[in-house]
1. Of the residues Glu73, Glu22, Glu37, which single one is over 13 Å from the mean Cα position of the chain (by Cα) and among the acidic types (Asp, Glu)?
2. For Ser12, are the conditions met, namely being in a strand (DSSP E or B) and free of Cβ contacts under 8 Å to residues at least 12 places away in the same chain?
3. Return the residues of segment 1-19 that are over 11 Å from the mean Cα position of the chain (by Cα) and either closer than 17 Å to Gly80 by Cβ or open to solvent by 40 Å² or more (accessible area, probe 1.4 Å) (or both); say none if nothing qualifies.
4. Looking at (1) of a type outside the set (A, V, I, L, M, F, W, C); (2) in contact with a Gly (Cβ under 8 Å, 6 or more places away or on another chain); (3) free of Cβ contacts under 8 Å to residues at least 12 places away in the same chain, can you tell me which one Gly62 breaks?
5. So, in segment 35-59, of the ones that are within 20 Å of Gly13 (Cα to Cα) and either touching a residue at least 40 places away in the same chain (Cβ under 8 Å) or basic (Lys, Arg) (or both), which residue ends up surrounded by the most Cβ atoms within 10 Å (Cβ to Cβ)?
6. Taking segment 35-54 on its own, how many of its residues are modelled with pLDDT under 95 and under 19 Å from His3 (Cβ atoms)?
Amino acid sequence: MTHITVVNGPRSGTQVVLARGETCTIGSGPTCTIRIEQAGVAAAQAEIKALKQDGFGIKRTGGPVLVNGDSVEAARLSEGDLI
């Protein structure tokens with residue numbers, strides 16, 4: 001089972017399961033899967049979805065997105081990546 005673990009902030013330790021056919025949204029909006037209530041975070045900052053072949057990817061939908069410290073528009077995610 002693939003999941004994301006929140007490692008910082010008030011929701012630290014929270015795990016979100018990633019499933020094919022579902023979108024995990026990250027942002028400050030009330031309906032986001034992972035909600036970050038912090039100044040400068042867009043209502044819909046990014047979304048994570050299953051890729052066509054296998055694995056998952058992240059796509060910027062609002063403000064900047066960093067994967068392992070690098071700014072990205074979109075990226076394939078690997079185990080251990082920091083978003």
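1. That would be Glu37, the only listed residue that is over 13 Å from the mean Cα position of the chain (by Cα) and among the acidic types (Asp, Glu).
2. no
3. Met1, Thr2, Val7, Asn8, Gly9, Pro10, Arg11, Ser12, Gly13, Thr14, Gln15, Val17 - these are the residues of segment 1-19 that are over 11 Å from the mean Cα position of the chain (by Cα) and either closer than 17 Å to Gly80 by Cβ or open to solvent by 40 Å² or more (accessible area, probe 1.4 Å) (or both).
4. With respect to (1) of a type outside the set (A, V, I, L, M, F, W, C); (2) in contact with a Gly (Cβ under 8 Å, 6 or more places away or on another chain); (3) free of Cβ contacts under 8 Å to residues at least 12 places away in the same chain, Gly62 is out only on (3).
5. Ile48
6. Number satisfying all stated conditions: 3.
The values are calculated or read from the model by the stated rules, or taken from the named source; none is laboratory data. Everything numeric here is computed off the predicted structure, so don't read it as measured data. Quick reminder, even Gly has a Cβ in these numbers, built from the backbone with ideal geometry, and neighbours come from all protein chains shown. Protein only, heavy atoms only, side chains kept; ligands, DNA and RNA dropped before computing areas. Shrake-Rupley method; radii C 1.70, N 1.55, O 1.52, S 1.80 Å.
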